[in-house]
Every structure is written in C-alpha cells, then in structure tokens.
Amino acid sequence: MSNDHILGTYDEELTNLQILITKMGNECAEMIRQAIDCVISNDSNAAKQVVSRDKLINAINAEITVLSQNVIALRSPMANDLRLILTIFQNALNLERTGDLAKNIAKIIVKNDLVIDASARDKLEKLSDAVLQNLTDVITAFNGLDEAKAQTIFDADKIVDDLHDDFSSSLMLRIKNDDAHSETVMHLLFISRHLERIGDHAKNIAEATIYAVSGEINQLDVFDDVQFEALLNA
Amino acid sequence: MASNSPSDTQEIDPVVVCKNVNVFYGDKQAINNISLDILPKTITAFIGPSGCGKSTFLRALNRMNDTIEGCRMEGEILIDNTNIYHPDIDVVPLRARVGMVFQKPNPFPKSIFDNVAYGPKIHGLAKTNAELADIVENALRGSGLWEEVKDRLDQPGTGLSGGQQQRLCIARTIAVAPEIILMDEPCSALDPIATAKIEALMTDLAKDFTIIIVTHSMQQAARVSKKTAFFHLGDLIEYDNTETIFTNPTDSKTQDYITGRFG
C-alpha cells in the first residue's frame, strides 16, 4: 500500500513541516556549537552573531506553529499524521528553548571576558560535545522516525548529567577555594547548567519521537487515576 | 484479525453478539466470517471504504438483507441471547425492536402525526387515542422536533426540511420503543447544521438506545461514537474504542484508511 495520501497537497504540507523542523534542529545545533566556540575563544563579536541567530530559530518556530495550525484545521489529521504534527509542534517548542539557552551562553561572552584554564576548557568541551551529539542524534532519530535511535538518548543524557555534575562540582570547589577568577567560574556554572538543560530538551524530543512512532506517552502511567485526581485537587 | 470486543469494556454484557457471520449476494461473498459484540446504550460506528460490507453487516442486524433477492446469511446474530435468524423469529417485531434510519429521509406521504403514529398503531402500542397522542409527542420530543412541529401536526411530513424529515424518521423509529437503532448514513443528505442537530440527538438517544451508525464521514464517527469498527473488503479489520482507532490504531490498513492513504 502506498505511503502517500490520496491528496498530494496534504503530503506536501507534512513534508514542509518535516523539512522545517529538521532545519530548525540543525540551526539550533549549529548555534550551540558556535556559542561554545565563542566561550572557548572568548570572542564577543562572534557571540553577538550567535545572539542574533536566535531570531531565525524563533521565526522557524512561528512558521511551524502556523503550518501546524493550518494542517490541523484544514486536514483533520488522524492517527500517525496527528501524532506527527503534534510532535513537530512540541519539538519546535523544545528547540526554541535550546536556541534561547544558546543565546544565553553567547550573551555571557558579549558582556564578559572569561579566563578559562585548560582543565575547565577540557570539561566544557566534553560536556558540550556530549550535548551536541545527543541533539544531532535526536534530530536524526526524529527525521527518520527511528524509535530505536531515540531510545539511546535516555542513556546518553545520563552521561550529559554526569559531565555537568563533574564540571559544576569542580567549579564549586574553585569558588570554595577563593579562585582568582571567581566571575569566570560563576559564568561557567551558568553555561554548564544551560548545556545540561539543552540535554533535557533533547531527551524531550526523544520522548516525542517515540510517541510519534508508537503512540506511547512517557510519564502517562506514573500515577493511577485516583492518585492523579488527588494530586490535581491538592 | 481484530478482537471482537472493544478493549476496555469487556465487563459489560453486549446487547448484540455476532458469531462468524458470512453474507453472500449470490456467489459473491460480501461479509467474511465476522464476529462482533455491540455494547448496550453506546454509539458504535461502522466505517470503511465503499463496498467494504459495513452497510451489508448493518442490515444483517435486523434482517433487512432478507428483502434482497439472492442474499444469503450464515452464522449467528444474537440479540439478548436470541438468534434473530432462528426460523421461529418473526421479522416484524424484530424490526420494531431493531429500528432503522436510512440515508435519505423517507417520511410516509401522511401527516407529521400519522408518520409517527403509524408504527405504534400497527404494533398495538396504544389502547386509546390519548395514549397514541402521548407516544407521538414523546417521540417527537425525543427526536428534538416537537417544538418545531407541535402546531402543525396535521401537515404533511414531506413538507418539512431535509433535516426535519430525518428527525421525523428518527421519531418514527423511536415511537415503537426499539432497543437498537441502526442508522445507515443518516446525515449524508443533510447540511452541516442539520447534521449537527442529528449528531446531538444521537448522543441524547444513546442514553436510552443502542445506536449503530454506518458513516462515510470519519469526522462524524469520531464526533459521535464511543466504539468504531473498521471494515475492508468484507473483513472486520479493527474494532476498538473510537479514541484509539483515530489516534493509535493497531492495524496498518486502519491507519492508512483513516489518514487518507487509500479509500
């Protein structure tokens, strides 16, 4: 049986949405990569360009909102089509947040001169490499509706969390020891936290990918109906 | 093959139990060994592409197929544990018990009152004219038509609008106090407003009646029904809660049909 809809224009609209979300994901990954490069090179001019790049991310998000709204209103999507559109809409919100976090990282460099030693640089690069790998993997997984690949993100995110914990612990230790570059250390703590949050958004996209493919919603059965009602009314 | 019971309601006793139903038109088999339970006081939708057997299966539920020459049925259909195809079954009371509303409104060429009164009269449901008037009023109220026609009950039913005519036919059906109402594309000849009124009415009627609707409109099935059965080429492909069918169906054929990939 053909995978195409009887209405070719419906396929075009869904394809457009998929192209846009992939483009948005790739833009976000590039923006994060550039933001980290700016941190490492302490380049405020390049950081300004990263900040302005967030406008493109926001514009793609707005476009996805309008196209999703139109497809839902005009095509009455069902089953896997409905799940795909809901997921694209949800992923766009997650990606938009990763764009904001990348912008926040870049803004730190616009406003401050950081002095990063080899140890901090090493930990920052390891963390940002892991986060970027997860984000690009999950974008690929969603693009190919690859449930198995999406599943790998959950373990990979634990590695991100460990790297963040390691980096932030080392930074906290430096604060306790009255490090001469305490301002840099504080900013690196924020950067580490921003990267860890980007990792969480990648994990959200992985969950959404699994929902798009299988219809299964994570967290749905954490509470039974009675517990859920009690929590809602608490 | 699909389960014959919707997944989360197996504790409720079905009102209709269909066992290994096969229907033939001459040599051609239209329904292939379908087993299906219908739950009481629930709206069940039959969907599927043209020629899938959904209307044939619907008509099997009150033996309307008996009127089609060359049509033959195998298997059992039990309503309240009685096989309606047993030789002792009289189809006239059966069709009062399992009423039917058709695609095109088909009021009798009689007054509005007589359209509704006809069934109760021939089934002897009213002893007096006052009782008959009560049945007619209640049926017209039940079909949401009373306020629109109470001052012109003596006017021809054929003078009503299409939507009103269909509600008159629904009043005619419920006037004989059926247990089950079969609806074969009841809104396909109606405009969206008249359709919305019929759909709202169906939801109200489902408090008292079991409703089975054949519809080509998947949106209509999604809006009104609690259970949906998908038919294809005479097979029952999938039968489940309507929410499940339209959000996460199990069978790829169901998914391809409801998402507009074939039909």
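The charge dipole of the protein assembly as shown, taken about the Cα centre with unit charges on the Cβ atoms of Lys, Arg (+1) and Asp, Glu (-1), comes to about 1440 debye, rounded to the nearest 20.
Semi-axis lengths, largest first, of the ellipsoid equivalent to region A:1-113 are 36, 11, 10 Å, with √(5λ) applied to each eigenvalue of the Cα gyration tensor. If R0 is 51 Å, the Cβ-Cβ spacing of residue A:74 and residue A:176 corresponds to a FRET efficiency of close to 0.30.
When all alpha carbon pairs of region B:66-146 are counted in 5 Å bins from zero, the resulting P(r) reads 3, 11, 17, 21, 16, 13, 12, 6, 1 %. Computed from label points 7 Å out along Cα-Cβ, the spacing between residue A:48 and residue A:113 is 1.7 nm. Shielding value for A:75-87 is 5, the average number of Cβ atoms from other chains within 10 Å of each residue's Cβ.
Treating r as the C-beta distance of residue A:190 and residue A:218 and R0 as 25 Å, the FRET efficiency rounds to 0.30. For the pair residue B:88 and residue B:129, the difference between a 0.36 nm per residue extended length and the Cα-Cα distance amounts to 11.5 nm.
Using the average count of surrounding beta-carbon atoms within 10 Å as a protection proxy, the listed peptides A:74-82, A:225-233, B:44-52 rank, highest first, as B:44-52, A:74-82, A:225-233.
Its Cα centre serving as origin, region B:1-141 has a Cβ charge dipole (Lys and Arg +1, Asp and Glu -1) of approximately 480 debye.
From its DSSP helices (H runs of at least four residues, each -39,500 (n - 2.57)), chain A gives a residue-normalised ellipticity at 222 nm of -30000 deg cm²/dmol. Entry note: chain B has Rg to Rh equal to 0.97, where both radii use alpha-carbon atoms and Rh is the Kirkwood radius. With a simple spin-label model that places each label point 7 Å from the Cα along the Cα-to-Cβ direction, the separation between residue B:20 and residue B:193 comes to 5.3 nm. Relative to the 2.2 N^0.38 Å rule of thumb, region B:1-126 has a C-alpha radius of gyration ratio of 1.17. Charge dipole (Cα centre; +1 on Lys/Arg Cβ, -1 on Asp/Glu Cβ; no other charges) of region A:1-103 amounts to roughly 280 debye. P(r) for region A:129-234, from all Cα pairs and a bin width of 5 Å, is 2, 12, 17, 14, 13, 12, 12, 9, 6, 3, 1 %, short bins first. Karplus-derived 3J(HN,Hα) values for region B:20-32, using 6.51 cos²θ - 1.76 cosθ + 1.60 with θ = phi - 60°, are 6, 7, 10, 10, 10, 9, x, 7, 8, 8, 9, 10, 10 Hz; glycine and proline are entered as x.
Give me Rg over Rh for chain A, both radii from the alpha carbons and Rh done the Kirkwood way, two decimal places.
Reported Rg/Rh (Cα atoms, Kirkwood Rh): 1.05.
From most to least packed by mean Cβ count within 10 Å, the peptides A:146-152, A:88-94 give A:88-94, A:146-152. Size descriptor for region B:217-263, Kirkwood hydrodynamic radius: 10.6 Å (Cα pairs only, one decimal). The Cα-based radius of gyration of the protein assembly as shown, divided by its Kirkwood radius, gives an Rg/Rh of 1.17.
Of the residues B:94, B:34, B:145, the one whose Cα sits farthest towards the positive end of the charge dipole of the protein assembly as shown is B:145 (charges of +1 on Lys and Arg Cβ, -1 on Asp and Glu Cβ, taken about the Cα centre).
Toward the positive end of the charge dipole of region A:146-234, with +1 on the Cβ of Lys and Arg and -1 on the Cβ of Asp and Glu, the farthest Cα among A:202, A:170, A:231 is that of A:170.
Taken together, the values in this text are just the output of simple stated rules run on the coordinates, not laboratory data. Note that the structure is predicted; figures quoted are calculated from it, not measured. Glycine also receives a Cβ, built like all others from the backbone with ideal geometry; neighbour counts cover every protein chain displayed.
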